[in-house]
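Q: Sharing a structure, written as structure tokens. Questions coming.
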Amino acid sequence: MPFDVRDFPDAPFDHPGASRRDRIAVACWLFVVAGMILVMVVLGGVTRLTGSGLSIMEWAPLSGTLPPMSGAEWHRLFALYQQIPQYDLVNQGFGLAGFKHIFWLEWTHRLWGRLIGVVFLLPLLWFWITGRIRRPLVPRLAVLFILGGLQGAVGWFMVASGFFPDTTSVAPYRLVIHLALALLLYAAILWTGLSELPGQAHRGQARRPIENVPAVRRLATLSLALVFLTILAGGFVAGTHAGLSYNTFPLMDGRLVPPGYAQLRPFVLNLTENIAAVQFDHRVLATLTAASVAATVLAGLARASTPALRRRLLLMGAAVVLQYTLGVATLLLVVPVGLATAHQAGATVLLTTIVVVLHAVLPAPRRSTRAASSGALAKSA
């Protein structure tokens, strides 16, 4: 785990119902939701890699919870799938058994999304009704729940792009939008959970960072921006199937910069539609991310004085080494499903470790004047 409750001693809180035990319970609940989103990202990668995402051609948020219950229903859904280009161009003749295989992957992916909504909403209502959650946190979590529901609609918007004529997969742009929203939700929920853990504080003051190291804070912020861009670039690699080309490293077709990098006009199209440019950009961003994380780790270990921060830094360093290795192996072996899935999961794990490090060194917001006055009045009373 990237944190240890022992790192967060008792601290006073200025909101009713925000006891140490309550805040730890809320944090653990949010970490469970974040973990489920991580699994969702991995499931999404598997459905994309296996071509399963287009197997369900109906968006039924409620009735779609149940799988087909009769042979007639299976044949009806299979007949719908046979109408789209993916069946004619990729899977023609693979039969009902083959259809069931890809159907179950996509159905599991959608069911898991519904479960995330339930696991988020029901505990939120219980914490709120019983007064075990800080009042200022409720609006933020309500917005995150709405965005999570919107993610389902964005997912269908993405899937529907695969039904167009002469198309066998979803549109890369829609895939990246779907991925970006998932990552933003994941990071926001993880950050909120970390913020709910009782932090190091003095009486009457807001939570302090584990350690205030400005150099690490700046480098970790840069690393977070780079890893997010790298993952989005990886979405375009996946959407354009760019990983199936230029399967050598570090050179591409014997050159550092591949031929035809800027062949599309206007130039900006190369960044998202030119296979050579898309893969090259992903490689460059991944390398820059690795360098930035390495600099963060080295700067942090040289300046950190607490074991808590050192542990986080070492986890982040291990995550970037593993992720870079997985990326190179996935490329050289021409994108096997298992390795590609591990690479996608590793990207989210790396994002997690960077968020944890950044949270540890980012100062907490100051309490408002009103809250400070209320605390002083309560103390005098």
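Q: Return yes or no: is A180 of a type in the set (A, V, I, L, M), buried (at least 18 other Cβ atoms within 10 Å of the Cβ), part of a helix (DSSP H, G or I) and outside the structural domain of V227 (by TED's automatic domain parsing)?
A: No: the conditions fail for A180.
Q: Here's something else I'd like to know. Cβ-Cβ below 7 Å, separation at least six or inter-chain, first residue in the range 7-34 and over 21 Å from L185 (Cβ atoms) and of a type in the set (V, I, T), second modelled with pLDDT under 85 and crowded, with 20+ Cβ neighbours inside 10 Å: which pairs?
A: Between residues of the range 7-34 that are over 21 Å from L185 (Cβ atoms) and of a type in the set (V, I, T) and residues that are modelled with pLDDT under 85 and crowded, with 20+ Cβ neighbours inside 10 Å, the close pairs are I24/P198.
Q: Can you spot a residue in the range 193-201 that is modelled with pLDDT under 95, in a helix (DSSP H, G or I) and over 24 Å from C28 (Cα atoms)?
A: The answer is no; no qualifying residue exists.
Q: Sticking with this one: Going through the range 243-284 one residue at a time, which ones are in contact (Cβ under 8 Å) with a residue 60 or more places away in the chain and loosely packed, with under 13 Cβ neighbours inside 10 Å?
A: T248, F249
Results for (1) at pLDDT 85 or above; (2) crowded, with 16+ Cβ neighbours inside 10 Å; (3) within 30 Å of L331 (Cα to Cα), shown as yes or no for each residue.
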residue	(1), (2), (3)
D7	no, yes, no
R21	yes, no, no
F31	yes, yes, no
G45	yes, yes, yes
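Q: Can you tell me which residue among A60, A97 is outside any helix (DSSP H, G or I), among the hydrophobic types (A, V, I, L, M, F, W, C) and in the same structural domain as F164 (by TED's automatic domain parsing)? Break it down into steps so the answer makes sense when it comes.
A: Values: A97 fails: outside any helix (DSSP H, G or I).
Exactly one residue qualifies, and that residue is A60.
Q: What are the pairs with Cβ atoms under 8 angstrom where one residue, in the range 212-228, is in a loop (DSSP other than H, G, I, E, B) and the other, located anywhere, is surrounded by 20 or more Cβ atoms within 10 Å (Cβ to Cβ) and among the β-branched types (V, I, T)? Sequence gap at least six, or different chains.
A: From the range 212-228, the pairs are N212/V361; V213/V361.
Q: Failed condition for L105, given (1) in contact with a Ser or Thr (Cβ under 7 Å, 6 or more places away or on another chain); (2) on the phi > 0 side of the Ramachandran plot, with all others met?
A: Failing condition for L105: (2).
Q: Got at least one residue in the range 218-238 being modelled with pLDDT under 95, of a type outside the set (A, V, I, L, M, F, W, C) and either on the phi > 0 side of the Ramachandran plot or surrounded by 21 or more Cβ atoms within 10 Å (Cβ to Cβ) (or both)?
A: Checked against the condition, which is being modelled with pLDDT under 95, of a type outside the set (A, V, I, L, M, F, W, C) and either on the phi > 0 side of the Ramachandran plot or surrounded by 21 or more Cβ atoms within 10 Å (Cβ to Cβ) (or both), the range 218-238 yields no hits at all.
Q: Hey, does the range 163-176 have a residue that's touching a Leu at 6+ places or on another chain (Cβ under 9 Å), closer than 30 Å to A242 by Cα and modelled with pLDDT of 95 or more?
A: yes
Q: When you check A238 against the structure, is it touching a residue at least 40 places away in the same chain (Cβ under 8 Å) and more than 30 Å from R20 (Cβ to Cβ), yes or no? So that I can check it myself, show each step before the final result.
A: Values: touching a residue at least 40 places away in the same chain (Cβ under 8 Å): yes; more than 30 Å from R20 (Cβ to Cβ): yes.
In short, yes.
Q: Something else now. Looking at this structure, is A290 in contact with a Lys or Arg (Cβ under 8 Å, 6 or more places away or on another chain) and either assigned by TED's automatic domain parsing to the domain that holds V356 or polar (S, T, N, Q) (or both)? Walk me through how you get there before you give the answer.
A: Working: in contact with a Lys or Arg (Cβ under 8 Å, 6 or more places away or on another chain): no; either assigned by TED's automatic domain parsing to the domain that holds V356 or polar (S, T, N, Q) (or both): yes.
So A290 fails the test.
Q: What pairs come out if I take residues in the range 131-152 that are crowded, with 18+ Cβ neighbours inside 10 Å and pair them with residues that are among the basic types (K, R) whose C-beta lies under 9 Å away, six or more apart or interchain?
A: From the range 131-152, the pairs are I133/R23; R134/R23.
Q: For the range 293-340, how many residues meet the condition of being in a helix (DSSP H, G or I), hydroxyl-bearing (S, T, Y) and surrounded by fewer than 21 Cβ atoms within 10 Å (Cβ to Cβ)?
A: Of the residues in that region, 2 qualify.
Q: Would you say F103 is assigned by TED's automatic domain parsing to the domain that holds V42, touching a residue at least 40 places away in the same chain (Cβ under 8 Å), more than 20 Å from I56 (Cβ to Cβ) and among the hydrophobic types (A, V, I, L, M, F, W, C)?
A: When the stated conditions are applied, F103 does not pass them.
Q: Exactly one of these conditions fails for I133: (1) in a helix (DSSP H, G or I); (2) more than 29 Å from G338 (Cα to Cα). Give me its number.
A: (1)
Q: Can you tell which of T325, T306 is β-branched (V, I, T), in contact with an Asp or Glu (Cβ under 9 Å, 6 or more places away or on another chain) and either over 18 Å from V356 (Cβ atoms) or in the same structural domain as F236 (by TED's automatic domain parsing) (or both)?
A: That would be T306, the only listed residue that is β-branched (V, I, T), in contact with an Asp or Glu (Cβ under 9 Å, 6 or more places away or on another chain) and either over 18 Å from V356 (Cβ atoms) or in the same structural domain as F236 (by TED's automatic domain parsing) (or both).
The values are calculated or read from the model by the stated rules, or taken from the named source; none is laboratory data. Because the structure is a prediction, the values reported are computed rather than measured. Ideal geometry is used to build each Cβ from the backbone, glycine not excepted, and the neighbour counts take in all protein chains shown.
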